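One structure is given below, encoded as structure tokens.
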Amino acid sequence: MILPDALTYQPAGSIIHRVMSSSSDELLAGGTDAAVHARHLRVIRGKRVALHDFSVLIARGSVTGLLGPSGCGKTTLMRSIVGTQIVSSGSVTVLGHPAGSAALRRRVGYVTQDPTVYNDLRVIDNVRYFAALYGVAPAAADEAVNGVGLRDHASAYCGNLSGGQRGRVSLACALVCQPDLLVLDEPTVGLDPVLRADLWTQFQALARRGTTLLVSSHVMDEADHCADLLLMREGRLLAHTTPDRLREDTGCTSLEEAFLSVIRHSTAASAS
Ligand SMILES: Nc1ncnc2c1ncn2[C@@H]1O[C@H](COP(=O)(O)OP(=O)(O)OP(=O)(O)O)[C@@H](O)[C@H]1O
Ligand SMILES: [Mg+2]
């Protein structure tokens, strides 16, 4: 089944129609509540339209990857979902509430693209602070720090860490809060392959326990770790699909090539 909202801006007869199917289709068919439902979002940033009539449903308890070139609107969409973005029109419902509403404060975790940590606190104290705010046992902070590969730096001041390490502290602060929806803006940038793989395993384990994760990335290889994929370009949703379906529909084995194929088809369709 094709998402009716998303269809409104898809050129007829293009490959994009065929790659729209995803677990959100089952979600619609089964009448299950979505974790996120964006309807006809329009967002202006500066003088540019950052999101054009953007509609999407994100399934609960899944890992959804948000992929697309730099400047295509990934961060803007995430900000709209966590309620920190002014939107011109349209709406976003998160876990049954309007995005940004007080009821969601403890249920939504957001790790921004630029790490936000207290540089004058030690790694473990940054994470313990969030654990205390959210009423989580302090032992969970140690677990979160270990989980992001910072065990050996637990007592270091964040101001003395590299950018990638500070990013991991940010991630540990979000993980420790155990939110229902975790929005992660490029959490694996600059990490070594072993740690990246380990984090994706953690994300999948969280999803199995019921957490919904929306994770942006530039790296198409990472898309294989996601149950669902949102492919974006220039503020629009090109496709809502799954890694297997994307390969099947494009005939490409590499997800990178598959994404390029979707982009080429969308460019050709909009030019015709
Ligand atoms: N602070 C800002 N002021 C004005 N325009 C902005 C601002 N931030 C982003 N934009 C514009 O909004 C559009 C979407 O940007 P956004 O940050 O959402 O993209 P992105 O997909 O997250 O990119 P990246 O992969 O580089 O992080 C871009 O055209 C960008 O120039
Ligand atoms: Mg971004």
Legend entry - Selection within the range 59-89 - open to solvent by 30 Å² or more (accessible area, probe 1.4 Å), among the small types (G, A, S) and within 16 Å of ligand 1 (Cβ to nearest atom): S70, G71, G83, S88
Legend entry - Search result, residues across the range 64-109 that are modelled with pLDDT of 95 or more, more than 9 Å from ligand 2 (Cβ to nearest atom) and among the basic types (K, R): R79
Inset, instruction - Would you list the helices (runs of 4 or more DSSP H) that sit entirely within the range 175-272 and hold 2 or more residues that are open to solvent by 10 Å² or more (accessible area, probe 1.4 Å) and under 20 Å from T75 (Cα atoms)? - result: 255-271
Inset, instruction - Return yes or no: is R247 more than 16 Å from ligand 2 (Cβ to nearest atom), of a type in the set (K, R) and free of Cβ contacts under 8 Å to residues at least 12 places away in the same chain? - result: yes
Legend entry - Which listed residue is over 24 Å from D33 (Cβ atoms) and of a type in the set (G, A, S), from G135, G109: G135
Inset, instruction - Kindly establish whether R151 is out of contact with any strand residue (DSSP E or B) (no Cβ under 9 Å at 6 or more places or on another chain), basic (K, R), without any contact (Cβ under 8 Å) to a residue 12 or more places away in the chain and farther than 26 Å from G164 by Cβ. - result: no
Inset, instruction - Among the numbered conditions (1) more than 16 Å from ligand 2 (Cβ to nearest atom); (2) β-branched (V, I, T); (3) outside any strand (DSSP E or B), tell me where T116 comes up short. - result: (1)
Inset, instruction - Mind telling me which of the residues V219, V145, V183 ends up being out of contact with any Phe, Trp or Tyr (no Cβ under 7 Å at 6 or more places or on another chain), among the β-branched types (V, I, T) and within 16 Å of ligand 2 (Cβ to nearest atom)? - result: V219
Legend entry - Residue among V148, V136, V189 that alone is of a type in the set (V, I, T) and in contact with a Cys (Cβ under 8 Å, 6 or more places away or on another chain): V136
Legend entry - Unique match (being buried (at least 19 other Cβ atoms within 10 Å of the Cβ), part of a strand (DSSP E or B), more than 17 Å from the chain's Cα centre (by Cα) and touching a residue at least 40 places away in the same chain (Cβ under 8 Å)) among V36, V43, V92, V49: V43
Inset, instruction - Could you please let me know if A154 is open to solvent by 10 Å² or more (accessible area, probe 1.4 Å) and either in contact with a Gly (Cβ under 8 Å, 6 or more places away or on another chain) or modelled with pLDDT of 95 or more (or both)? - result: yes
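The values are calculated or read from the model by the stated rules, or taken from the named source; none is laboratory data. From a predicted model like this one, the values you see are computed outputs, not experimental measurements. Don't worry about glycine lacking a Cβ; one is built from the backbone with ideal geometry, like all the others, and counts go over all protein chains shown. The accessibility values were calculated without ligands, DNA or RNA, using every heavy atom of the protein model including side chains. Shrake-Rupley method; radii C 1.70, N 1.55, O 1.52, S 1.80 Å.
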